[in-house]
Structure formats: structure tokens, C-alpha cells
1. If you build a Gaussian network model of the chain, linking Cα atoms that sit under 10 Å apart, which residue out of His236, His59, His132 swings the most?
2. For the chain, what ratio Rg/Rh do Cα atoms give with a Kirkwood hydrodynamic radius?
3. Just in segment 42-144: which trypsin sites (Lys or Arg not before Pro) are loop by DSSP and have at most 14 other Cβ atoms within 10 Å?
4. How long is the gain from His291 to Thr65 if the chain were fully straight, where each residue apart is worth 0.36 nm and the alpha carbon distance is subtracted?
5. Quick one: which residues, 5+ away or cross-chain, put their amide H under 5 Å from the amide H of Leu86? H built at 1.01 Å from N.
6. Using the Karplus curve 6.51 cos²θ - 1.76 cosθ + 1.60 with θ = phi - 60°, what ³J(HN,Hα) values do you get for each residue of segment 365-381, in whole Hz, with x for Gly and Pro?
7. Once you've got the GNM for the chain with C-alpha springs shorter than 10 Å, pick whichever of Asp265, Asp124, Asp37 has the biggest mean-square fluctuation.
8. GluC sites (Glu not before Pro) within segment 4-103: which are DSSP loop residues with at most 11 other Cβ atoms inside 10 Å?
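Derivation of every value follows stated rules applied to the coordinates shown; laboratory data play no part. All figures in this text were calculated on a predicted structure; none of them were measured in a lab. Ideal geometry is used to build each Cβ from the backbone, glycine not excepted, and the neighbour counts take in all protein chains shown.
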Amino acid sequence: MSYESAKAAFADWGVDTEAALAKLAEVPISMHCWQGDDVVGFEKRSGSSSGGIQATGNHPGRARTPDELRADLEFSYSMIPGSHRLNLHACYLDTDQNPDRDAIEFNHFAPWVDWAKDQGLGLDFNPTFFAHEKADDNLTLSHPDQGIRDFWIEHGKRSRDIAAQIGAVLGSPVVNNIWVPDGYKDTPVDRFAPRKRLEQSLDAMMATSHDKAEMLDAVESKLFGIGVEACTVGSHEFYMGYAIRNETLLCLDMGHFHPTENVADKLSSVALSIDEILLHVSRPMRWDSDHVILLDDSIMQMAQELVSADLLQRTHIGLDFFDATISRTAAWVIGTRNMQKALLRALLAPWGQLKSVEDNLDYTSRLVATEEIKDLPYATVWAEFCSRMDVPSGKPLAAALAQYQTSVEGRG
């Protein structure tokens, strides 16, 4: 089918494909750096996984240096239509120095900022509260030892300062997302005390105000993880209350809730109390396993809620998955494009008509419409978007991904 025929098919439902394509081009996706090297980072010190952070597999081609990671990112962005962002963790510093987490500075990330400016990318940031000897107990900001808490508070302060400086240089606000692995493997007798310590540590971390044109604070909850099966200190309820009280962004990670929960359903609820939302789009499989996202019901429902509730301007969309059993660049490309495909489908829905029949309690017409529009030629509109953005789709995309993977397999 030609694009003009597809355009006419959507017009029959009152949908303007040109408007949808223009809107999609404006939505940046923050692609996560840690898919490219299996969450290893570039600190010149030994660390260990903690808090459920684990990439499995040993597929050839893992990036071993910042330059290799940036090369992989450049290729991946060239396969993704639109202009996007990079989500950088604090353990991905690029320096000959060897600072501990409580001594990181902006200059340790300057090569990333220069590269982002050259590539026309925005950056986001995350303090790294895992893979460190002071996180081996799976307690950081809520640790009963004041000295350990102070170490992580200082790391958080410096991360916020770095994020703000990045935002000032790039002229785009950096979302600085705070997630800690704190929790207990077995049932604790006191849940209140560690949560009070976490609250106090966060308050100390964020005592200094930053210009929101440069940096936006976000806080992220989790249900459980490896080693924290019984209790996670930073639960959804904890962080939702904290975000409301302190006017930060609330991060909803699709892998951080019970497998039967519909995270898309949470958007309209939290949007009533929180100005801006951060999404970490992932695919849990039985637990927070962070599989590469598919164009499945959970992703499409998330996109539908963002568009239907008019939340796109209030939501920062980031990705969070890490699969070391497949090509890491292919994972980035397919995952990001699937998020875009879901958004395109949502933008091509006749929301005015659907909401009208729903408000009239005409659920039969709603069912008929929502099922019939599933047959519309979305793929043709997506192919047109890729063509206009000069990126491949279909078999040419598959060939380009395979060719690049072959070129990096010599890394071991």
C-alpha cells in the first residue's frame, strides 16, 4: 500500500497522519548507555552487582571503552528516526583519574558532554548507588551507619551538580534520576527506621536548589530485586509521597512493579498530583528482568495513555533494559523503535470519536471502533516516517544491524 492510500484510510476515521508524524518527530527517547556494556561502566576499580542489577549472557561485541560505547551509540542513533537523548550513569565517567563515587566532578564527564553537543543529543544522568563495596549490604542512603550514608549523600550531591552543569552547557534540562537498591533479603522487624533514614538522606542530598532549566530531580521506586526480596525501602508509596511533597519527578519503571500491575494505568492517577513524570520503559518477565521491549500490549497501552490523557508534554520517556544474549546495538535500535511505533499507533487513534462514545456510555460502539482500527495500515505510515528521516526499515534494517554486529565481534 502507498502512503497516500494509508493517509486516506486514516482520514476516513478523522485522523491526520501528517499531524501524527509531525508530533512523533518531536518526542525524544532517552536511550540508556548501560545496554551497550552490560552495566559494567568505566570506573578504574572493581565493583560488584547489587540490588538486582544483573545482565546475563556473553554475546560478542561488548563495548569496553567510552570510545567503543560512543561508536555503538552513534550507529544505533543512525538507525532510529528522530532526535533523541542519552541516559548516562555516573559509573560511565571518561577520565584517566580514579575518583571514588563521592569525589566525581563535571570534568570526569566532559568528553560525554562534548560528544553529545557534537551529535546534537540531550543528556540525562543517574547517580550510581550499586556495584560498590559500600553498597554490598544492599543499603546505601538508608544504611544505619551514618558514615556510609554520608558517602552516598555526597555522591548524590555531586551527581546533581554534574547534571546541572551538563544541562547548562547543552541548553537542555537533564533529568537526574535517583534509584537506590536498599532493602532486605528476609523480613525486617523495623521498616519505618530505614525509610526515615532514606527520607533524611534524600533531603540532605537535595538541599541545594538547581535551576529547573538545567536539572530536574526524579525519584524511582522498586518492588523487589535479587537480595531484597522481602522489603524494598524505596517503595512506590514511599517515593510517590516524597515526589508530591518535594515537587520532584516520579519515575515509573515498568519492571519495578508486580507482574500483574498495569503501569500505564498509573499515569493518569499520578498526573493529578505530580507535574512531570519520568518513564523507564522495560519488559519484565516474571520479575524485573529488563528484557528488550516488544511492540506488545503493555507498551501500546503505555503510549495510548500518554496520548489519550495528553501527557506527552509532561512525561520524559527513557528506556531501561540490558540483554547480553543478543546484539547490544540491535537491542537499542529495536527497543527504541518499538517505543516510537507504539507512540505512532497512539497518535493515529481517533481519540475524539472514542471518548465521545464512551462519555455517552455507548460501549458497543467503543468496542467496535477500537477493534476495527487495529486493521488500519500503521506499518505504511511508519515506513513513511523512516523514509523521511532517512533511516532503513524492514530487511535493509536487518542487514545493517547484522553488518554492524559482525564488525564489532572481534572485541571478544
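1. His59
2. Answer for the chain: 0.97.
3. Within segment 42-144, the qualifying trypsin sites (Lys or Arg not before Pro) (loop, at most 14 other Cβ atoms within 10 Å) are Lys44, Arg45, Arg64.
4. This chain segment gains 79.0 nm when fully extended.
5. Residues meeting the amide H criterion: Met31, Gly122, Leu123, Asp124.
6. So the J values, rounded to whole Hz, are 5, 4, 5, 4, 5, 5, 7, 5, 6, 5, 8, 5, x, 4, 4, 5, 5.
7. Highest fluctuation among the options: Asp265.
8. Qualifying residues, ordered by number: Glu26.
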